1. Given a Förster distance of 22 Å, report the FRET efficiency between N320 and A394 from their Cβ-Cβ distance, rounded to the nearest 0.05.
2. Going by how many other Cβ atoms sit within 10 Å of their own, how do Y22, Y156, Y148 line up, fewest first?
3. Can you give the FRET efficiency for E131 and E62, using 1/(1 + (r/R0)^6), R0 = 41 Å, r = Cβ-Cβ distance, to the nearest 0.05?
4. In nm, to one decimal, how far is the modelled label at Q312 from the one at N297, with both set 7 Å along Cα→Cβ?
5. Going by C-beta contacts inside 10 Å, put H76, H101, H268 in order with the fewest on the left.
6. Could you give each residue of the range 256-271 its phi-based ³J(HN,Hα) in whole Hz, using Karplus coefficients 6.51, -1.76, 1.60 with θ = phi - 60°, and x for Gly or Pro?
7. Given a Förster radius of 45 Å and the C-beta distance between K164 and E332 as r, what FRET efficiency does 1/(1 + (r/R0)^6) yield to the nearest 0.05?
8. If I stretch the segment between D259 and A52 completely, what's the gain in nm (0.36 nm per residue apart, minus their alpha carbon distance), one decimal?
Amino acid sequence: MLSGKRIILGVTGGIAAYKAAYLLRDFQKAGAEIRVTMTPSATRFIGSETFAALSRNEVAVEVFNDENPGKDWTKHIHWGEWADLFVIAPCTANTLSKIVHGNADNMLTSTLLAARCPVLICPTMDGEMYESPSVSRNLKLAEESGYYILEPDSGYLASGLDDKGRLPEPQAILEMAEKIIEENRKKGPLSGKKVVVSAGPTREFLDPVRFISNPSTGKMGIAMADAATALGGDVVLLKGPVNTKETERLHVESFTSADELFSLAKKHADADVIIMSAAVSDFKPAEKTDQKVKKQNAPDTIPLKRNPDILQWLGENRKNNQILIGFAMETENLEKNAREKLKKKKIDWICANSLSDEKSGFGSDFNTIHLIGHDHQETLSGEKKVVARQILRAIFGE
Ligand code: CTP
């Protein structure tokens, strides 16, 4: 259930901070992807390097980057958009108080305010502190604000006392995390909707060993499938020939050629939403031989014929209330060409990208998308995984 889920682990400055390293490992073993943010005082209990090494990601502690001012200063916003769940374990009385009063004086609390995902707070402190009127009041406020609280366990505490205040065992935190993510997913704008996403290139074979294709890696399409799942959709991923483990958690149907993708698209033409991110080859060899063509018999030219325009067919044969979303890779006149495709293919939205945009294009983990609807236009830029969610939120709402 946690496979492929993205979790921000917030670690605050209590003695149980060291236990967050074990929690991180357990989340990873369950298949989750983890990013860690720590309060400065948490780093006095356990080094940020430990979490950086374990999570294989940078650890966010400071909002400001003194060595490189201005760099990454919107990281808390992007992280907040990236995550499926924000878990604060352990959460001190001090951070709890900051959260419920909306303070954003460090990276953890700033990221928390920017988070679009549910938040699970694991209050962990000494028994007397936990029982204090202000902590009780703040816990009540946190619950009223929609945060999830996992009550601490009772037992031997660092103070030497036997009381309530221990960080619960990782298993209890994992179980609650799973429950919250699924509950939240079902409330998403795509809940109950069948969403079909195509991703990757097509291969158009000339003979059994040679084909025409393109450099698509399917990353953007897979990010769209993940985003649609996170927003509640029942997703079918139509996957071209790309090698990735990222799709193991998804319902996948595979294609190689444009003709095969066309058959799958027709089979799933009843979907509520169809997202055509696949880089479909517009042409295929006019003939395909069953045996390998020997080089002395190779022709000087390869006659081609057109592949069907799958998206256009979907636009012309759409069922009522179906939403069709296309992609367009342009090298010039991006907006004009994208708008023409929107009309010609009779679709609702087009996600146009340009090879000339910085940090975008085939194989990159980043993208800049010019999202164009019949009366809407905006530009979204950042990690493909984040941009995919922004696209779907812009189209379908929260
Ligand atoms: N597409 C499709 N079938 C094709 C070609 C493209 O369904 N035979 C879809 C793609 O999945 C994408 C959109 O159409 O969502 C735009 O594809 P693109 O190749 O950029 O546009 P074309 O219509 O092929 O126009 P051109 O090659 O002239 O840019």
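Values in this text are rule-based calculations from the coordinates and carry no lab data. All values derive from a computational prediction rather than experimental measurement. Glycine gets a Cβ as well: all are built from the backbone with ideal geometry, and neighbour counts include every protein chain shown.
1. 0.45
2. Going from least to most buried by this count: Y156, Y22, Y148.
3. Rounded to the nearest 0.05, the efficiency is 0.80.
4. 3.5
5. So the residues, fewest neighbours to most, are H101, H268, H76.
6. Coupling constants for the range 256-271: 10, 9, 4, 4, 5, 5, 4, 4, 5, 4, 5, 4, 9, 5, 7, 4 Hz.
7. For K164 and E332, the calculated efficiency is 0.10.
8. 70.0 nm
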